[in-house]
Amino acid sequence: MRAAEEMSAMAGTGDVLKRLDETRVWQEDLYRDLHAHPELSSHEVRTAAEIARRLQECGYDVRHIGGGVVGVLANGTGRTVLMRADMDALPVTELTGLPYASTVTTVDESGATVGVSHACGHDVHVTCLLGAAALLSGEREAWSGTFIALFQPAEETAAGAQAMLADGLAGRIPRPDVAFGQHILTHEAGVIGCQAGPVLSAGDSIRITVSGKGSHGSMPHLGVDPVVLAASIVLRLQTIVSRETKPGEFAVVTVGSSVAGTKSNIIADRAVLLVNVRTYDAQIRERVIAGIERIVRAECDASGSPEPPTFEYYDQFPLTDNDPAVTAEVAAAFRAHFGAVRVVELGRITASEDFSRVPDAFGTPYTYWGVGGFTRDQQAYPNHSPFFAPAIQPTLDAGTEAIVVATLAYLGKGNAS
Ligand code: ZN
Ligand code: ZN
(Lines give C-alpha, C1' and ligand atoms only; values in the text may rest on other atoms or scores of the structure.)
(Ligands and ions follow the chains in the order given, each with its own letter.)
Protein backbone atom coordinates (compact mmCIF):
# COMPACT_ATOMS: atom_id res chain seq x y z
CA MET A 1 0.00 0.00 0.00
CA ARG A 2 1.41 3.43 -0.89
CA ALA A 3 1.69 6.20 1.67
CA ALA A 4 -1.21 8.24 0.29
CA GLU A 5 -3.43 5.18 0.35
CA GLU A 6 -2.48 4.36 3.92
CA MET A 7 -3.26 7.90 4.98
CA SER A 8 -6.66 7.86 3.31
CA ALA A 9 -7.46 4.51 4.84
CA MET A 10 -6.69 5.96 8.27
CA ALA A 11 -8.72 9.11 7.72
CA GLY A 12 -11.73 8.11 9.78
CA THR A 13 -13.56 6.60 6.82
CA GLY A 14 -14.65 3.55 8.79
CA ASP A 15 -16.03 5.66 11.64
CA VAL A 16 -18.15 7.74 9.29
CA LEU A 17 -19.35 4.81 7.19
CA LYS A 18 -20.31 2.61 10.13
CA ARG A 19 -23.80 4.14 10.05
CA LEU A 20 -24.31 3.29 6.37
CA ASP A 21 -26.58 0.42 7.47
CA GLU A 22 -28.93 3.08 8.91
CA THR A 23 -28.82 5.59 6.07
CA ARG A 24 -29.14 2.85 3.42
CA VAL A 25 -32.71 2.12 4.56
CA TRP A 26 -34.03 5.64 4.07
CA GLN A 27 -31.78 6.27 1.07
CA GLU A 28 -33.38 3.41 -0.87
CA ASP A 29 -36.88 4.68 0.00
CA LEU A 30 -35.89 8.24 -0.92
CA TYR A 31 -34.41 7.07 -4.23
CA ARG A 32 -37.63 5.29 -5.22
CA ASP A 33 -39.64 8.36 -4.20
CA LEU A 34 -37.44 10.78 -6.20
CA HIS A 35 -37.49 8.41 -9.16
CA ALA A 36 -41.30 8.34 -9.15
CA HIS A 37 -41.51 12.16 -8.83
CA PRO A 38 -39.11 13.60 -11.41
CA GLU A 39 -39.11 17.33 -12.21
CA LEU A 40 -37.84 18.98 -15.39
CA SER A 41 -34.90 21.38 -15.45
CA SER A 42 -35.56 24.64 -13.55
CA HIS A 43 -38.75 23.14 -12.05
CA GLU A 44 -37.17 21.12 -9.21
CA VAL A 45 -39.52 22.49 -6.52
CA ARG A 46 -40.55 19.30 -4.71
CA THR A 47 -37.05 17.85 -4.97
CA ALA A 48 -35.42 21.01 -3.58
CA ALA A 49 -37.90 21.18 -0.67
CA GLU A 50 -37.20 17.55 0.25
CA ILE A 51 -33.44 18.16 0.12
CA ALA A 52 -33.65 21.30 2.27
CA ARG A 53 -35.77 19.53 4.87
CA ARG A 54 -33.37 16.61 5.16
CA LEU A 55 -30.27 18.83 5.30
CA GLN A 56 -31.84 20.90 8.05
CA GLU A 57 -32.71 17.76 9.99
CA CYS A 58 -29.08 16.72 10.13
CA GLY A 59 -27.79 20.10 11.21
CA TYR A 60 -26.77 21.85 8.01
CA ASP A 61 -27.02 25.59 7.51
CA VAL A 62 -29.33 25.60 4.47
CA ARG A 63 -29.34 28.27 1.76
CA HIS A 64 -31.66 28.52 -1.25
CA ILE A 65 -29.64 29.96 -4.13
CA GLY A 66 -30.75 30.32 -7.75
CA GLY A 67 -33.18 27.40 -7.65
CA GLY A 68 -30.58 25.19 -5.95
CA VAL A 69 -30.07 24.20 -2.33
CA VAL A 70 -26.77 24.43 -0.46
CA GLY A 71 -26.10 22.87 2.93
CA VAL A 72 -23.02 24.06 4.82
CA LEU A 73 -21.66 22.10 7.79
CA ALA A 74 -18.86 23.95 9.60
CA ASN A 75 -17.03 21.47 11.83
CA GLY A 76 -13.94 23.16 13.22
CA THR A 77 -10.75 24.27 11.57
CA GLY A 78 -9.49 22.82 8.33
CA ARG A 79 -10.14 22.87 4.66
CA THR A 80 -13.46 23.29 2.85
CA VAL A 81 -14.79 20.58 0.52
CA LEU A 82 -17.71 21.11 -1.87
CA MET A 83 -19.65 18.17 -3.34
CA ARG A 84 -22.21 18.85 -6.04
CA ALA A 85 -25.26 16.83 -7.13
CA ASP A 86 -27.63 17.80 -9.94
CA MET A 87 -31.34 17.15 -9.41
CA ASP A 88 -33.25 17.65 -12.67
CA ALA A 89 -35.02 15.03 -14.82
CA LEU A 90 -35.59 14.76 -18.58
CA PRO A 91 -38.57 14.98 -20.97
CA VAL A 92 -38.36 11.21 -21.61
CA THR A 93 -41.28 8.80 -21.18
CA GLU A 94 -40.00 6.03 -18.90
CA LEU A 95 -40.31 2.51 -20.30
CA THR A 96 -38.38 0.57 -17.65
CA GLY A 97 -41.44 -1.18 -16.20
CA LEU A 98 -39.97 -0.75 -12.70
CA PRO A 99 -42.51 -0.76 -9.84
CA TYR A 100 -41.34 2.77 -8.96
CA ALA A 101 -41.22 3.99 -12.59
CA SER A 102 -42.33 7.55 -13.28
CA THR A 103 -45.78 8.11 -14.76
CA VAL A 104 -45.37 11.90 -14.60
CA THR A 105 -46.26 13.94 -17.67
CA THR A 106 -46.02 17.62 -18.37
CA VAL A 107 -46.66 20.07 -21.20
CA ASP A 108 -43.51 21.27 -22.92
CA GLU A 109 -42.80 24.68 -24.48
CA SER A 110 -44.43 23.65 -27.77
CA GLY A 111 -47.64 22.64 -25.96
CA ALA A 112 -47.10 18.90 -26.44
CA THR A 113 -47.62 16.47 -23.54
CA VAL A 114 -44.37 14.69 -22.69
CA GLY A 115 -43.36 12.10 -20.13
CA VAL A 116 -40.83 13.08 -17.45
CA SER A 117 -38.28 10.70 -15.96
CA HIS A 118 -34.90 10.48 -14.25
CA ALA A 119 -33.36 8.96 -17.39
CA CYS A 120 -29.96 10.47 -16.52
CA GLY A 121 -29.92 9.19 -12.93
CA HIS A 122 -29.73 12.53 -11.14
CA ASP A 123 -31.99 10.95 -8.49
CA VAL A 124 -29.02 8.70 -7.69
CA HIS A 125 -26.78 11.76 -7.28
CA VAL A 126 -29.22 13.48 -4.90
CA THR A 127 -29.73 10.33 -2.82
CA CYS A 128 -25.99 9.65 -2.49
CA LEU A 129 -25.15 13.22 -1.50
CA LEU A 130 -27.93 13.36 1.10
CA GLY A 131 -26.71 10.04 2.51
CA ALA A 132 -23.09 11.23 2.64
CA ALA A 133 -24.20 14.54 4.20
CA ALA A 134 -26.02 12.65 6.94
CA LEU A 135 -23.07 10.31 7.56
CA LEU A 136 -20.58 13.19 7.84
CA SER A 137 -22.92 15.06 10.16
CA GLY A 138 -23.43 11.97 12.31
CA GLU A 139 -19.72 11.42 13.01
CA ARG A 140 -18.16 14.85 13.45
CA GLU A 141 -15.34 13.57 15.66
CA ALA A 142 -13.78 11.82 12.69
CA TRP A 143 -13.11 14.94 10.64
CA SER A 144 -12.48 18.65 10.82
CA GLY A 145 -13.21 21.46 8.38
CA THR A 146 -16.25 22.54 6.38
CA PHE A 147 -18.38 20.34 4.15
CA ILE A 148 -20.64 21.92 1.54
CA ALA A 149 -23.39 19.84 -0.08
CA LEU A 150 -24.52 21.69 -3.21
CA PHE A 151 -27.66 20.59 -5.07
CA GLN A 152 -27.88 22.17 -8.48
CA PRO A 153 -30.94 22.60 -10.72
CA ALA A 154 -31.08 22.41 -14.52
CA GLU A 155 -27.92 20.56 -15.48
CA GLU A 156 -29.54 19.14 -18.61
CA THR A 157 -30.15 22.63 -20.03
CA ALA A 158 -26.74 23.97 -18.96
CA ALA A 159 -28.57 26.70 -17.04
CA GLY A 160 -28.46 25.59 -13.39
CA ALA A 161 -24.89 26.31 -12.30
CA GLN A 162 -25.11 29.66 -14.05
CA ALA A 163 -28.41 30.44 -12.29
CA MET A 164 -26.84 29.76 -8.89
CA LEU A 165 -23.83 31.93 -9.71
CA ALA A 166 -26.09 34.71 -10.98
CA ASP A 167 -27.90 34.58 -7.62
CA GLY A 168 -24.65 35.31 -5.81
CA LEU A 169 -23.44 31.79 -4.97
CA ALA A 170 -19.77 32.82 -4.88
CA GLY A 171 -20.41 35.37 -2.11
CA ARG A 172 -22.91 33.28 -0.15
CA ILE A 173 -20.90 30.16 0.68
CA PRO A 174 -17.33 29.65 1.95
CA ARG A 175 -14.73 29.35 -0.80
CA PRO A 176 -14.06 25.61 -1.30
CA ASP A 177 -10.45 24.38 -1.38
CA VAL A 178 -11.50 21.46 -3.52
CA ALA A 179 -14.72 20.49 -5.33
CA PHE A 180 -16.17 17.14 -6.41
CA GLY A 181 -18.91 15.93 -8.72
CA GLN A 182 -20.00 12.46 -9.76
CA HIS A 183 -22.24 10.87 -12.38
CA ILE A 184 -23.87 7.48 -12.68
CA LEU A 185 -22.74 5.77 -15.89
CA THR A 186 -23.17 2.43 -17.63
CA HIS A 187 -20.16 0.78 -15.95
CA GLU A 188 -20.68 -2.17 -13.64
CA ALA A 189 -22.44 -1.24 -10.40
CA GLY A 190 -20.00 -0.54 -7.61
CA VAL A 191 -17.19 0.46 -9.95
CA ILE A 192 -15.73 3.98 -9.75
CA GLY A 193 -14.04 5.64 -12.74
CA CYS A 194 -11.44 8.40 -12.39
CA GLN A 195 -9.72 10.44 -15.08
CA ALA A 196 -7.11 13.17 -14.82
CA GLY A 197 -7.34 16.12 -17.22
CA PRO A 198 -10.22 16.68 -19.67
CA VAL A 199 -12.98 14.15 -18.88
CA LEU A 200 -16.15 15.65 -20.37
CA SER A 201 -16.17 17.73 -23.52
CA ALA A 202 -17.17 21.35 -23.90
CA GLY A 203 -20.52 21.49 -25.71
CA ASP A 204 -21.95 24.29 -27.83
CA SER A 205 -25.24 24.46 -29.68
CA ILE A 206 -25.72 27.01 -32.46
CA ARG A 207 -28.98 28.00 -34.15
CA ILE A 208 -28.02 29.27 -37.60
CA THR A 209 -30.57 31.10 -39.72
CA VAL A 210 -29.75 31.71 -43.39
CA SER A 211 -31.85 33.83 -45.71
CA GLY A 212 -33.17 32.89 -49.11
CA LYS A 213 -35.63 34.66 -51.35
CA GLY A 214 -39.08 33.12 -51.60
CA SER A 215 -40.45 32.20 -55.01
CA HIS A 216 -42.71 29.77 -56.88
CA GLY A 217 -41.20 26.32 -57.18
CA SER A 218 -41.49 26.55 -60.95
CA MET A 219 -39.59 29.88 -61.04
CA PRO A 220 -36.31 29.26 -59.19
CA HIS A 221 -34.55 31.99 -61.19
CA LEU A 222 -36.67 34.60 -59.34
CA GLY A 223 -35.62 33.40 -55.87
CA VAL A 224 -32.66 32.29 -53.79
CA ASP A 225 -33.21 28.70 -52.66
CA PRO A 226 -32.32 28.26 -48.94
CA VAL A 227 -32.70 24.46 -49.22
CA VAL A 228 -29.78 24.25 -51.65
CA LEU A 229 -27.87 26.75 -49.51
CA ALA A 230 -28.48 24.72 -46.34
CA ALA A 231 -27.50 21.49 -48.11
CA SER A 232 -24.18 23.03 -49.19
CA ILE A 233 -23.53 24.24 -45.66
CA VAL A 234 -24.25 20.81 -44.16
CA LEU A 235 -21.77 19.11 -46.52
CA ARG A 236 -19.08 21.76 -46.24
CA LEU A 237 -19.27 21.76 -42.41
CA GLN A 238 -18.07 18.14 -42.49
CA THR A 239 -14.67 19.38 -43.65
CA ILE A 240 -14.02 21.21 -40.36
CA VAL A 241 -13.25 17.91 -38.62
CA SER A 242 -12.00 15.95 -41.65
CA ARG A 243 -9.81 18.68 -43.28
CA GLU A 244 -9.17 21.45 -40.76
CA THR A 245 -8.63 19.56 -37.51
CA LYS A 246 -5.27 17.88 -36.99
CA PRO A 247 -5.60 14.09 -37.22
CA GLY A 248 -5.72 12.71 -33.70
CA GLU A 249 -7.19 15.88 -32.19
CA PHE A 250 -10.76 15.62 -31.04
CA ALA A 251 -13.75 17.58 -32.33
CA VAL A 252 -17.34 16.73 -33.21
CA VAL A 253 -19.54 18.87 -35.49
CA THR A 254 -23.08 17.55 -35.88
CA VAL A 255 -25.95 19.17 -37.77
CA GLY A 256 -28.83 17.85 -35.69
CA SER A 257 -31.60 19.64 -37.52
CA SER A 258 -32.07 21.36 -40.88
CA VAL A 259 -35.48 22.88 -41.50
CA ALA A 260 -36.74 24.90 -44.48
CA GLY A 261 -39.92 25.23 -46.47
CA THR A 262 -43.41 23.81 -46.32
CA LYS A 263 -44.46 22.57 -49.81
CA SER A 264 -42.84 21.09 -52.89
CA ASN A 265 -43.81 24.00 -55.12
CA ILE A 266 -42.70 26.84 -52.87
CA ILE A 267 -39.14 28.10 -52.53
CA ALA A 268 -38.79 29.14 -48.89
CA ASP A 269 -37.30 32.39 -47.68
CA ARG A 270 -35.09 30.94 -44.94
CA ALA A 271 -33.51 27.81 -43.49
CA VAL A 272 -32.64 27.09 -39.87
CA LEU A 273 -29.81 24.71 -38.94
CA LEU A 274 -29.13 23.42 -35.42
CA VAL A 275 -25.46 22.57 -35.02
CA ASN A 276 -23.76 20.85 -32.07
CA VAL A 277 -20.02 21.11 -31.32
CA ARG A 278 -17.96 19.03 -28.84
CA THR A 279 -14.31 19.70 -28.00
CA TYR A 280 -11.73 19.04 -25.24
CA ASP A 281 -9.48 22.01 -25.92
CA ALA A 282 -10.28 25.73 -25.80
CA GLN A 283 -8.18 26.58 -28.86
CA ILE A 284 -9.71 23.81 -30.96
CA ARG A 285 -13.15 24.94 -29.82
CA GLU A 286 -12.46 28.50 -30.98
CA ARG A 287 -11.10 27.27 -34.29
CA VAL A 288 -14.09 25.00 -34.94
CA ILE A 289 -16.62 27.72 -34.13
CA ALA A 290 -14.76 30.26 -36.29
CA GLY A 291 -14.72 27.68 -39.09
CA ILE A 292 -18.46 27.17 -38.86
CA GLU A 293 -19.18 30.91 -39.06
CA ARG A 294 -16.70 31.35 -41.94
CA ILE A 295 -18.20 28.50 -43.99
CA VAL A 296 -21.79 29.61 -43.40
CA ARG A 297 -20.98 33.20 -44.43
CA ALA A 298 -19.09 32.05 -47.52
CA GLU A 299 -21.89 29.71 -48.60
CA CYS A 300 -24.41 32.53 -48.14
CA ASP A 301 -22.24 34.71 -50.42
CA ALA A 302 -21.95 31.90 -52.94
CA SER A 303 -25.74 31.57 -53.06
CA GLY A 304 -26.43 35.31 -53.30
CA SER A 305 -28.28 35.21 -49.98
CA PRO A 306 -30.00 38.60 -49.48
CA GLU A 307 -29.22 38.94 -45.74
CA PRO A 308 -26.24 37.97 -43.59
CA PRO A 309 -26.72 34.76 -41.59
CA THR A 310 -27.42 34.91 -37.85
CA PHE A 311 -25.74 32.74 -35.20
CA GLU A 312 -27.47 32.16 -31.89
CA TYR A 313 -25.47 30.25 -29.27
CA TYR A 314 -27.36 28.23 -26.64
CA ASP A 315 -26.99 25.16 -24.36
CA GLN A 316 -23.31 25.94 -23.89
CA PHE A 317 -21.42 23.58 -21.59
CA PRO A 318 -17.91 24.30 -20.32
CA LEU A 319 -15.06 21.79 -20.48
CA THR A 320 -14.77 19.49 -17.46
CA ASP A 321 -11.01 19.37 -16.88
CA ASN A 322 -10.05 17.34 -13.79
CA ASP A 323 -7.13 18.66 -11.75
CA PRO A 324 -4.38 15.99 -11.93
CA ALA A 325 -3.23 16.34 -8.29
CA VAL A 326 -6.77 16.26 -6.85
CA THR A 327 -7.67 13.33 -9.09
CA ALA A 328 -4.57 11.38 -7.99
CA GLU A 329 -5.34 12.00 -4.31
CA VAL A 330 -8.99 11.01 -4.61
CA ALA A 331 -8.24 7.96 -6.79
CA ALA A 332 -5.68 6.77 -4.20
CA ALA A 333 -8.30 7.13 -1.46
CA PHE A 334 -10.82 5.21 -3.61
CA ARG A 335 -8.35 2.39 -4.22
CA ALA A 336 -7.59 2.16 -0.49
CA HIS A 337 -11.30 1.95 0.32
CA PHE A 338 -12.88 0.04 -2.58
CA GLY A 339 -9.85 -2.04 -3.64
CA ALA A 340 -7.90 -1.45 -6.84
CA VAL A 341 -10.13 -3.66 -9.03
CA ARG A 342 -13.16 -1.47 -8.40
CA VAL A 343 -11.38 1.75 -9.41
CA VAL A 344 -10.91 2.05 -13.18
CA GLU A 345 -9.67 4.68 -15.60
CA LEU A 346 -12.80 6.43 -16.84
CA GLY A 347 -11.42 7.65 -20.16
CA ARG A 348 -12.72 10.73 -21.90
CA ILE A 349 -16.45 11.01 -22.42
CA THR A 350 -17.99 13.09 -25.23
CA ALA A 351 -20.96 14.12 -23.07
CA SER A 352 -20.92 17.51 -21.34
CA GLU A 353 -21.69 19.01 -17.91
CA ASP A 354 -22.03 22.45 -16.36
CA PHE A 355 -20.52 21.27 -13.03
CA SER A 356 -17.17 23.02 -13.60
CA ARG A 357 -18.76 26.49 -13.65
CA VAL A 358 -19.03 26.40 -9.84
CA PRO A 359 -15.40 25.50 -8.98
CA ASP A 360 -14.20 27.74 -11.83
CA ALA A 361 -16.05 30.69 -10.24
CA PHE A 362 -13.90 30.20 -7.11
CA GLY A 363 -10.70 29.20 -8.92
CA THR A 364 -11.00 25.87 -7.07
CA PRO A 365 -9.42 22.64 -8.39
CA TYR A 366 -11.84 19.77 -8.85
CA THR A 367 -12.33 16.20 -9.90
CA TYR A 368 -15.43 14.59 -11.39
CA TRP A 369 -15.74 10.81 -11.31
CA GLY A 370 -18.10 8.17 -12.68
CA VAL A 371 -20.08 5.60 -10.69
CA GLY A 372 -21.19 2.36 -12.37
CA GLY A 373 -24.88 1.58 -12.05
CA PHE A 374 -25.61 -1.78 -13.67
CA THR A 375 -25.16 -5.34 -12.44
CA ARG A 376 -23.71 -7.97 -14.76
CA ASP A 377 -27.06 -9.68 -15.38
CA GLN A 378 -28.66 -6.38 -16.39
CA GLN A 379 -28.70 -4.65 -19.75
CA ALA A 380 -26.93 -1.29 -19.31
CA TYR A 381 -28.98 1.12 -21.40
CA PRO A 382 -27.22 4.46 -21.82
CA ASN A 383 -28.13 7.64 -19.93
CA HIS A 384 -31.15 9.38 -21.49
CA SER A 385 -32.61 6.09 -22.76
CA PRO A 386 -36.27 5.48 -21.75
CA PHE A 387 -35.03 2.08 -20.48
CA PHE A 388 -32.33 3.58 -18.19
CA ALA A 389 -32.82 1.59 -14.96
CA PRO A 390 -29.80 1.47 -12.65
CA ALA A 391 -29.61 -1.19 -9.94
CA ILE A 392 -30.38 0.41 -6.58
CA GLN A 393 -27.55 -1.55 -4.96
CA PRO A 394 -24.64 -1.59 -4.87
CA THR A 395 -24.98 1.70 -6.80
CA LEU A 396 -26.31 3.88 -3.96
CA ASP A 397 -23.78 2.50 -1.48
CA ALA A 398 -20.88 3.07 -3.88
CA GLY A 399 -21.94 6.62 -4.74
CA THR A 400 -22.42 7.47 -1.06
CA GLU A 401 -19.14 5.89 0.04
CA ALA A 402 -17.27 7.64 -2.78
CA ILE A 403 -18.37 11.06 -1.50
CA VAL A 404 -17.38 10.24 2.08
CA VAL A 405 -14.04 8.77 1.05
CA ALA A 406 -13.10 11.69 -1.24
CA THR A 407 -14.18 14.23 1.39
CA LEU A 408 -12.22 12.55 4.18
CA ALA A 409 -9.13 12.44 1.96
CA TYR A 410 -9.15 16.21 2.57
CA LEU A 411 -10.95 16.61 5.90
CA GLY A 412 -10.28 13.33 7.73
CA LYS A 413 -8.37 13.68 10.99
CA GLY A 414 -6.07 10.81 10.05
CA ASN A 415 -4.64 13.04 7.34
CA ALA A 416 -3.24 15.45 9.91
CA SER A 417 -1.02 12.83 11.57
ZN1 ZN B 1 -28.10 13.87 -18.85
ZN1 ZN C 1 -26.76 13.72 -16.16
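The values are calculated or read from the model by the stated rules, or taken from the named source; none is laboratory data. Every value quoted in this text rests on a predicted model; they were computed, and no experiment measured them. Ideal geometry is used to build each Cβ from the backbone, glycine not excepted, and the neighbour counts take in all protein chains shown. Remember, those area values only see protein heavy atoms, side chains included, never the ligands or the DNA or RNA. Shrake-Rupley method; radii C 1.70, N 1.55, O 1.52, S 1.80 Å.
So the values come out like this:
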item: Verdict on THR146 being among the polar types (S, T, N, Q), buried (at least 16 other Cβ atoms within 10 Å of the Cβ), in a helix (DSSP H, G or I) and away from ligand 1 (no atom under 16 Å from the Cβ); result: no
item: Residue within the stretch 264-271 that is in contact (Cβ under 8 Å) with a residue 60 or more places away in the chain, within 23 Å of VAL199 (Cβ to Cβ) and open to solvent by less than 70 Å² (accessible area, probe 1.4 Å) present; result: no
item: Qualifying residue in the stretch 190-208 (condition: of a type in the set (Lys, Arg), closer than 19 Å to PHE317 by Cβ and out of contact with any Ser or Thr (no Cβ under 7 Å at 6 or more places or on another chain)); result: yes
item: Counted residues, the stretch 181-214 - those being part of a strand (DSSP E or B) and surrounded by fewer than 24 Cβ atoms within 10 Å (Cβ to Cβ); result: 18
item: Count - residues of the stretch 88-114 that are among the hydrophobic types (A, V, I, L, M, F, W, C) and in contact with a His (Cβ under 8 Å, 6 or more places away or on another chain); result: 6
item: Of all residues making up the stretch 152-176, the number that are open to solvent by less than 60 Å² (accessible area, probe 1.4 Å), more than 16 Å from ligand 2 (Cβ to nearest atom) and in a loop (DSSP other than H, G, I, E, B); result: 4
item: Positions within the stretch 322-356 being open to solvent by 60 Å² or more (accessible area, probe 1.4 Å) and either among the polar types (S, T, N, Q) or within 16 Å of ligand 2 (Cβ to nearest atom) (or both), in sequence order; result: THR350
item: Some residue of the stretch 314-321 being of a type in the set (Ser, Thr, Tyr) and within 16 Å of ligand 2 (Cβ to nearest atom); result: yes
item: Filtered residue count, the stretch 102-135, keeping only those that are in contact (Cβ under 8 Å) with a residue 40 or more places away in the chain and either within 16 Å of ligand 2 (Cβ to nearest atom) or at positive phi (or both); result: 14
item: Filtered residue count, the stretch 239-263, keeping only those that are farther than 24 Å from PRO198 by Cβ and open to solvent by 60 Å² or more (accessible area, probe 1.4 Å); result: 4
